[in-house]
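The values are calculated or read from the model by the stated rules, or taken from the named source; none is laboratory data. Since this is a predicted model, take the numbers as computed values, not measurements. As a convention, Cβ positions derive from the backbone with ideal geometry for all residues, glycine included, and neighbour counts pool all protein chains shown. Please note that ligands, DNA and RNA were not included when accessible areas were found on the heavy atoms of the full protein model with its side chains. Shrake-Rupley method; radii C 1.70, N 1.55, O 1.52, S 1.80 Å.
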Amino acid sequence: MSAPITSIYAALGAVLILALGLNVSIHRRTRGIGLGEGAHGELCRVVRAHANTVEYLPLALLLLLLLEVNGTAAWLLHAFGAALIGARIGYAQGLLTHGPGVSLGRFLGTLVTWSVMAATALMLLWRAMFGA
């Protein structure tokens, strides 16, 4: 089985997760905190930016992979993949630069991530039920 399109977005997602994880490590090290957030609001946001990406990205990539394996058009896979990575970057950027309040990056990042996941899940269900 070959999945070159999903591989691109999985690799980009891994780079994003690694960058956000490194950011967590740097913030913990500079504050001398080995575990948790130590009641530091900024560190809490850094941890959540990483954790939120880890929570959503794997399932979204699995859905993308299943669509690719089932022969979905390349342009649609790229649209979903690019939207997903852009959304995750937007979410992290919004949380890290605008603090705990409302931000356009967090809002759009969440909306697009959920939309991609919903659309890919519905496509998979449709194919499973109707073979189309």
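Table for the structure above
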item: Output for region 3-25, where each listed residue is polar (S, T, N, Q), more than 21 Å from T113 (Cα to Cα) and touching a residue at least 24 places away in the same chain (Cβ under 8 Å); result: N23
item: Subset tally (residues that are loosely packed, with under 12 Cβ neighbours inside 10 Å and at pLDDT below 95) for region 98-122; result: 3
item: Filter result (surrounded by fewer than 19 Cβ atoms within 10 Å (Cβ to Cβ) and within 10 Å of the chain's Cα centre (by Cα)) within region 52-66; result: V54, E55, P58, L59
item: Residue match in region 10-25 (condition: at pLDDT below 85 and either surrounded by 18 or more Cβ atoms within 10 Å (Cβ to Cβ) or among the polar types (S, T, N, Q) (or both)); result: no
item: Residue selected from region 26-51 under the condition open to solvent by 20 Å² or more (accessible area, probe 1.4 Å) and under 24 Å from W114 (Cβ atoms), by the criterion modelled with the lowest pLDDT; result: C44
item: Residue, nearest to A10 (Cα to Cα), within region 69-84, restricted to residues that are surrounded by fewer than 21 Cβ atoms within 10 Å (Cβ to Cβ) and not hydrophobic (A, V, I, L, M, F, W, C); result: H78
